[in-house]
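Notes follow once the structure below has been shown.
The values are calculated or read from the model by the stated rules, or taken from the named source; none is laboratory data. Source: prediction; values computed, not measured. Cβ placement follows ideal geometry from the backbone for every residue including glycine, while neighbour counts extend to all protein chains displayed.
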Amino acid sequence: MEYEQLILSFTSIIYEAMPFIVLGVVLAGVLEEFVPQQAISKVIPKSPTLAIALGALLGVVFPMCECGIIVVMKRLLRKGLPLSVCVAYMLAGPIINVVVAGSTYVAFEPTVPERVVFGGPWGAVILRLGMAYIVAVVTASIVEMQTRRIGTENQLAPTIMKGVQPQRAFGVSLEVVEPTRTFRERMLNISSTALHDFIDIMAFLVIGAALASFGRSFLSEDMFNRLSEGTSGAGPFLRVSLQILIMMGLAILFCLCSEADAFVAANFPMYWFPASKLAFLVLGPMLDLKLYVMYTRVFRPKLIFTIITAVAIQIFLYSLIVHHFEGTLSQFFENVFQFSARLRQR
């Protein structure tokens, strides 16, 4: 039975990720073929801060699950998009998009009282997207400072550096002459690029899914209950801290798709603090076992360590802050939800 559960867990991760991997490699192929480097160079603001801030919102334009966003980010990187902007998009894109906002709203609908957190679904949506945006921007800013100190080539995997166009310095335009191709040649190039990226990323997805399925096999509902009961005797601060850390650990092990993880978080028992559920929702799409394995295909250990450390520390601290102001936030978002409901009735 344990082997059946292990296989089921492994196949579910692959099955869940596959559509987004395919979508990601196709979009990456289109970007590679039809988006000239000059276009990216002209669109990026001269200010690093503004560029990173806008990069974290690219998910609105290119909505993508965390599995597919790696290949899209890699192609943008090859086109000369600054590394820090790519990191901002990679972290925020799987959360800050219409699909994830909608699924989060539905998951925390007040039709099921046990699922209500932060005063209603608007609270869950705004806090999830808001925290994700802040974490992505701050982390990308740290990456930008690190890039200025040690350079881009010391942070990217050698296989990525072979195809990377010269990195555009902020405020400097690069003119790259690209050859003219027929429509047939373009389609063949898109197919070739998509197939190459698919094979490249799938190997690492399989490894990550295998690690995650082994991790899941050691977890059970009874274990969740025991973990929660184990924190009941601790003081208020220690208890919420432990629950946040536990939920962050579960987010790393579960490897859930960002479009579906809200329903899992919403079904956790009421005795799990809402702030811990928020940490689960923000951390999962930014860092889990399969993502870590895929990161190793693109980034060097130094950059991976920077991203993991910055993301984990921020989410833990921000979740504690949200817990501290939970009452005020819940009241505010409850009023917002009631106001929106009255508008819909009119």
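Observations on the model:
- Residue that is modelled with the lowest pLDDT, among those in region 30-53 that are surrounded by 18 or more Cβ atoms within 10 Å (Cβ to Cβ) and more than 11 Å from residue 75 (Cβ to Cβ): 37
- Output for region 54-68, where each listed residue is modelled with pLDDT of 80 or more and crowded, with 22+ Cβ neighbours inside 10 Å: 55, 56, 58, 59
- Top-ranked residue in region 125-175 [being surrounded by 16 or more Cβ atoms within 10 Å (Cβ to Cβ) and of a type in the set (Lys, Arg); ranked as modelled with the lowest pLDDT]: 168
- Checking every residue in region 300-316 against the condition of being part of a helix (DSSP H, G or I) and farther than 19 Å from residue 135 by Cβ gives at least one match.
- Of the residues 261, 288, the single one that is under 22 Å from residue 120 (Cβ atoms), acidic (Asp, Glu) and buried (at least 19 other Cβ atoms within 10 Å of the Cβ) is 261.
- Pairs, first closer than 29 Å to residue 239 by Cβ in region 317-346, second at pLDDT below 80, C-beta under 6 Å, six or more apart: 330/119; 333/119; 333/120; 334/119; 334/120; 337/120
- Residue 117 meets each of the listed conditions (1) closer than 19 Å to residue 251 by Cβ; (2) touching a Phe, Trp or Tyr at 6+ places or on another chain (Cβ under 7 Å); (3) modelled with pLDDT of 85 or more apart from (3).
- Taken over region 301-325, the residue count meeting the criterion of being of a type outside the set (Phe, Trp, Tyr) and buried (at least 18 other Cβ atoms within 10 Å of the Cβ) is 11.
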